[in-house]
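The values are calculated or read from the model by the stated rules, or taken from the named source; none is laboratory data. What you are looking at is a predicted structure, and each value in this text was computed from that prediction instead of being measured. Every residue, glycine as well, gets a Cβ built from its backbone with ideal geometry; the counts of neighbours run over all protein chains shown. The accessibility values were calculated without ligands, DNA or RNA, using every heavy atom of the protein model including side chains. Shrake-Rupley method; radii C 1.70, N 1.55, O 1.52, S 1.80 Å.
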Amino acid sequence: MSRFSALSHRQQGLLLTGGGAMIMAPDALLIKVADLPDAEILMWRGFLSALGFLLIALARYGRGTLAAYRRCGWTGIAVALLFSLTTCGFVLGNQYTKAGNVLMILASAPLIAAILSWVILKERLPRRTWLAICLCMAGVAMIALDDSGAGSWVGNAFALVTATTLAINFTLCRTRPGVDMSPMLVFNGLIVGSTAGIFWLAGSEPSLPATNQLAVVVLLCLFIVPCGVTLLQRGPLYLPSAEVGLLLLLEVVVGTLLAWWILAEQPAPVAMVGGALVLGTLSAKGLYERRLELRQRAGLETTPPVTVDRSSTL
């Protein structure tokens, strides 16, 4: 038995989702570093990530890849369409408004997911999860406070699309317990790449990016995005969608820290406090629920530490 298989169902979900968020942390930074026009960065991101997602699916499922796609059904198609909107919203949000605005709006994803799960799936979250969501939203707001001035309403709207479609995506995955929807992300890449490619070709004198820009794009779109998003997309197999969204905030905080470090920006004290609040809240919640899980295993706790899991172990 592998070490991963030896972990509890919840621990596997935390590891996959948290790992995906950490891998995706440089996403916004590298979009800024690439410094490509809207249609061009979306085209490269779409086609290269589609190739990356396909290679991951083939490596995981081998001859059973087609069967894995058939299991996704119409729900998988909806997931691909939703993530296409998420991708466009995130990239264009970073293109049209300040990073702080995008991060602050993206922090609403766990709250939206929690409400959707409660209304649609009847999943009841413990009070500590609602408290953690509120504290993390406050922390991200503090991070973005000194960067949330007069931003573009267009960019803010794209960021809201990102948060909303991501929450719907995670909730939708919970309606098909035990079915891995991550292979469908290939179609997300093809949709985004094809649509953006039309606009890129229709533009004036389309050309290949410079070598340094292309290197950044390949690193981001062929490796980072497929690996990170595949792990995140598997999160709802193990955890309620609200908790997946909550762990996604690790990307927000770590990504902001990377931007401060790489771009030599000086963070405001309130932003440092906000980052500490998010990381401290997630750490405290994880340690507390781990303690409850151990007590439950020992027969000392009759109340489960989390909401009833609707999924089966894969």
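Computed from backbone phi with θ = phi - 60° and the Karplus coefficients 6.51, -1.76 and 1.60, the 3J(HN,Hα) list for segment 185-192 is 5, 4, 5, 4, x, 5, 5, 5 Hz; x is used for glycine and proline. Calculated FRET efficiency, residue 276 to residue 122, Cβ-Cβ distance, R0 = 51 Å: about 0.90 to the nearest 0.05. Distance between the 7 Å Cα→Cβ label points at residue 55 and residue 212: 2.5 nm.
Counting only heavy atoms of the protein chains, get the accessible area per residue of the chain (1.4 Å probe) and round it to a whole Å² value.
Values: 14520 Å² over 314 residues.
Heavy-atom SASA per residue in the chain reads 46 Å².
For segment 11-25, 3J(HN,Hα) computed residue by residue from phi via the Karplus equation (6.51, -1.76, 1.60; θ = phi - 60°) reads 4, 4, x, 5, 5, 5, 5, x, x, x, 5, 5, 5, 7, 3 Hz, glycine and proline entered as x.
Apolar share of the accessible surface for the chain: 70 percent from carbon plus sulfur atoms, 1.4 Å probe. Full extension of the segment from residue 258 to residue 283, taken as 0.36 nm per residue of separation minus the current Cα-Cα distance, would add 7.0 nm. Positive end of the dipole of the chain, charges at C-beta (+1 Lys, Arg; -1 Asp, Glu), about the Cα centre: which of 19, 46, 192 has its Cα farthest in that direction? Looking along the dipole axis, the top candidate is 19. Among 259, 276, 203, pick out the residue whose Cα is farthest towards the positive end of the charge dipole of the chain, where Lys and Arg carry +1 and Asp and Glu carry -1 on C-beta, about the Cα centre. Ranked along the dipole, the leading option is 276.
Which net charge results for the neighbourhood of residue 133, defined as the other residues with beta-carbon distances under 12 angstrom from its beta-carbon, given Lys and Arg at +1 and Asp and Glu at -1? Kindly include the intermediate steps, with their values, before the conclusion.
Details: positive: 127, 128, 285; negative: 243.
Once positives and negatives cancel, what remains is +2.
Whats the longest run of the chain with zero trypsin sites (Lys or Arg not before Pro) that are DSSP loop and have at most 12 other Cβ atoms within 10 Å? Write down the numbers at each step before the final one.
Details: sites that count: 122, 124.
Answer - 125-314.
Just how large is the dipole of segment 118-253 about the Cα centre, in debye to the nearest 20, putting +1 at every Lys and Arg Cβ and -1 at every Asp and Glu Cβ?
On the way: 7 positive and 7 negative charges, 135 e Å.
That gives segment 118-253 a dipole magnitude of about 640 debye.
Dipole size of the chain about its Cα centre, with +1 on Lys/Arg Cβ and -1 on Asp/Glu Cβ: approximately 1380 debye, rounded to the nearest 20. Above 33 Å, the calculated P(r) of segment 25-295 contains 21 percent of its Cα-Cα pairs.
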